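Accompanying notes for the structure given below.
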Amino acid sequence: MKALHAEQDAAEIYNILRTANCIKRYDSISHQLLAELVVAIATNGEVVGGNNRGSDILSPTYGKIEVKSRILGTDGPYPRISLKPHNLDKSDWIAAVRWTRAFEFYDAVALPKAAAQGLFAGRLSDGRVSHVAWQTWISTRGAESLADRVRTALSSLA
């Protein structure tokens, strides 16, 4: 199926990459970057990004925020949040953003570092990454919905 659209897709991507100013600023277009940008807008923060810093956003209200972005259905039957230990160590909050496959906003929930540490403790897979089920994430004490603020941020973009 993808081969049928290769030319059209290549032309679209080529046009986007040549004309998008965000490429000049971030060297990337992705749902992860979009999640970082809208969480930054929603928290009056700034994208500082880069894996070398360990957090994605610096917010006057939340401090350092690590943003994780997932598309519904891409992590199998058990939706989850995945984190590497160094991301958790260098952040004050972890924000998880979910999108539909049509790139419509689905949900955003943030946890303070202390609550997230409790969830990820003992779940390290292969010494590299920990996974927490989405339902556990959103029902954890201290979870804060950012959904309304992210929706407002997205609606301001149109």
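FYI, it's all coordinate maths here, none of it is from the lab. Just so it is clear, the structure is predicted and the values come from calculations on it, not from any experiment. Every residue, glycine among them, receives a Cβ derived from its backbone with ideal geometry; neighbour counts consider all protein chains shown.
Structure summary
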item: Selected residue (only one of Ser130, Ser69 is of a type outside the set (A, V, I, L, M), in contact (Cβ under 8 Å) with a residue 24 or more places away in the chain, more than 22 Å from Ala42 (Cβ to Cβ) and surrounded by 12 or more Cβ atoms within 10 Å (Cβ to Cβ)); result: Ser130
item: The one condition in (1) of a type in the set (A, V, I, L, M); (2) in contact (Cβ under 8 Å) with a residue 24 or more places away in the chain; (3) under 27 Å from Tyr26 (Cα atoms) that Ala102 fails to fulfil; result: (2)
item: Residue, nearest to Glu66 (Cα to Cα), within region 81-138, restricted to residues that are in a strand (DSSP E or B) and of a type in the set (Ser, Thr, Tyr); result: Ser82
item: Hits in region 65-80 (condition: under 19 Å from Ser30 (Cα atoms) and not in a strand (DSSP E or B)); result: Leu72, Gly73, Thr74, Asp75
item: Of all residues in region 72-111 being of a type in the set (Gly, Ala, Ser) and surrounded by fewer than 17 Cβ atoms within 10 Å (Cβ to Cβ), the one that is farthest from Arg123 (Cα to Cα); result: Ala102
